[in-house]
Amino acid sequence: VFQPTFLPGFSATVDFFDIKVKKAILQIPEQWVLDICYGIEMDAAGDFCSLIARSPTGRLNGDTSVGVDVSRRNIGQLRAQGIDMGLQYRFDIGSAGNLRLASNGTRQIKTDLQFASLLPTNHCVGLVGKICLRPDPKWRWTQTTTWNNGPLTLQLRWQYIGKLTNDTVGFGTALASDFVVPRIKAYNYFDLSGTFDVTEAFTLRAGISNLTDKKPPIVGNDYGGTTENSGNTYPATYDTLGRSFFVGATVRC
């Protein structure tokens, strides 16, 4: 924590994190079950080979009892390492009130994903797809600018999500030309909101979310299954509703 005496109203924080999860519960990709069975175990009774159920014709398609069992199992390893940073600065602007600037960001250094001890470790920072699963940009931050002048408060919020690459392209197992969307560009979202104290007991509030009506990236089904990639995008990361408005009031008795 840094709070310099020569700059009143300013503070900065820096935190380093390094989190490891053993026996993580993960869903192993079907192809990797096949790779371990035929390339490492080579035993029909092996742990991974026994997850493969073929039809009488030897095919992997058929009824629900046929195919590759990829139920979640707690045999994986996860590691996340990065730096969290925060900045705040509040200062007066004379008769116009005061201004507060605040930002919180994360620089992801490592996101290591290993589905099983027999499999290699995947380094997923800046990647997303069928192996890395969820969007994991190197940089992401949220910055807010708040202006207060008596009963009126206005706030502009800026959210940044760094660029991402399809993991098969990032790992070098596929070419960017194989995909319509090999990379997801960096995204910027802006939200504007405000409150006004009509009286001590009555406050009005209103705002606009996704001010610029930014559309989510449409990546297709090459980026993974519907658990994360729902509707050919990532609704847990990107806004799928578009610009929206809200109004409200608070009454205090």
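Within region 196-214, the set of residues being open to solvent by less than 50 Å² (accessible area, probe 1.4 Å) and either modelled with pLDDT of 95 or more or closer than 14 Å to PHE246 by Cα (or both) comprises THR203, ALA206, GLY207, ILE208, SER209, ASN210, ASP213. Taking the numbered list (1) out of contact with any Gly (no Cβ under 6 Å at 6 or more places or on another chain); (2) open to solvent by 30 Å² or more (accessible area, probe 1.4 Å); (3) closer than 28 Å to ASP178 by Cβ in turn, ASP136 passes all entries but (2). Each residue in region 215-224 was checked for being open to solvent by less than 70 Å² (accessible area, probe 1.4 Å) and under 17 Å from the mean Cα position of the chain (by Cα), and 5 of them qualify.
Are any of the residues in region 150-168 within 30 Å of MET42 (Cα to Cα) and not polar (S, T, N, Q)? The answer is yes, given that some residue of region 150-168 is within 30 Å of MET42 (Cα to Cα) and not polar (S, T, N, Q). Between GLN77, GLN81, the distinction of being under 30 Å from LYS138 (Cβ atoms) and open to solvent by less than 60 Å² (accessible area, probe 1.4 Å) belongs to GLN81 only.
Of the candidates GLY39, GLY58, the single residue that is exposed (fewer than 14 other Cβ atoms within 10 Å of the Cβ), in a loop (DSSP other than H, G, I, E, B), more than 33 Å from the chain's Cα centre (by Cα) and among the small types (Gly, Ala, Ser) is GLY58. Selection of first residues in region 189-209 that are basic (Lys, Arg) and of second residues that are surrounded by 14 or more Cβ atoms within 10 Å (Cβ to Cβ), restricted to Cβ pairs under 9 Å at least 6 apart or on distinct chains, gives the following pairs, ordered by first then second residue: ARG205/SER193; ARG205/GLY194; ARG205/THR195; ARG205/PHE196.
The set of residues in region 107-129 that are open to solvent by 40 Å² or more (accessible area, probe 1.4 Å) and under 15 Å from the mean Cα position of the chain (by Cα) comprises ARG107, ILE109, LYS110.
Beta carbons closer than 6 Å, at least 6 apart along the sequence or on distinct chains, pair a first residue in region 167-187 that is open to solvent by less than 50 Å² (accessible area, probe 1.4 Å) with a second that is part of a loop (DSSP other than H, G, I, E, B) and basic (Lys, Arg) for ALA186/LYS163.
Go through ILE83, ILE75, ILE131 for me and flag whichever is in a strand (DSSP E or B), out of contact with any Gly (no Cβ under 7 Å at 6 or more places or on another chain), among the β-branched types (Val, Ile, Thr) and at pLDDT below 95. Criteria check complete, one pass: ILE75.
Scan region 87-97 and tell me whether some residue there is part of a strand (DSSP E or B), closer than 20 Å to GLY9 by Cβ, among the aliphatic types (A, V, I, L, M) and open to solvent by less than 30 Å² (accessible area, probe 1.4 Å). Write out each step before concluding.
If we filter region 87-97 for residues that are part of a strand (DSSP E or B), which is where we start, we get 87-92.
Filter again for closer than 20 Å to GLY9 by Cβ, leaving 87-92.
Now restrict to residues that are among the aliphatic types (A, V, I, L, M): 87.
Right, trim to open to solvent by less than 30 Å² (accessible area, probe 1.4 Å) and you get none.
Scanning region 87-97, I find no residue that is part of a strand (DSSP E or B), closer than 20 Å to GLY9 by Cβ, among the aliphatic types (A, V, I, L, M) and open to solvent by less than 30 Å² (accessible area, probe 1.4 Å), so the answer is no.
Is one or more of the residues making up region 156-165 open to solvent by less than 40 Å² (accessible area, probe 1.4 Å), among the hydroxyl-bearing types (Ser, Thr, Tyr), within 24 Å of GLY82 (Cβ to Cβ) and free of Cβ contacts under 8 Å to residues at least 60 places away in the same chain? Checking region 156-165: at least one residue is open to solvent by less than 40 Å² (accessible area, probe 1.4 Å), among the hydroxyl-bearing types (Ser, Thr, Tyr), within 24 Å of GLY82 (Cβ to Cβ) and free of Cβ contacts under 8 Å to residues at least 60 places away in the same chain.
Taking region 235-248 as the range and being assigned to a strand (DSSP E or B) and either exposed (fewer than 12 other Cβ atoms within 10 Å of the Cβ) or touching a residue at least 60 places away in the same chain (Cβ under 8 Å) (or both) as the test, the residues that pass are PHE245, PHE246, VAL247, GLY248.
Among the residues of region 196-206, is any under 22 Å from the mean Cα position of the chain (by Cα) and in a strand (DSSP E or B)? Break it down stepwise before answering.
Going through region 196-206, the residues under 22 Å from the mean Cα position of the chain (by Cα) turn out to be none.
No - not one qualifying residue is present in region 196-206.
The values are calculated or read from the model by the stated rules, or taken from the named source; none is laboratory data. Note that this is a predicted model, so its numbers are computed, not measured. Neighbour counts run over all protein chains shown; Cβ positions are idealised from the backbone, glycine included. Areas reflect the complete protein model, heavy atoms only, side chains present, ligands, DNA and RNA absent. Shrake-Rupley method; radii C 1.70, N 1.55, O 1.52, S 1.80 Å.
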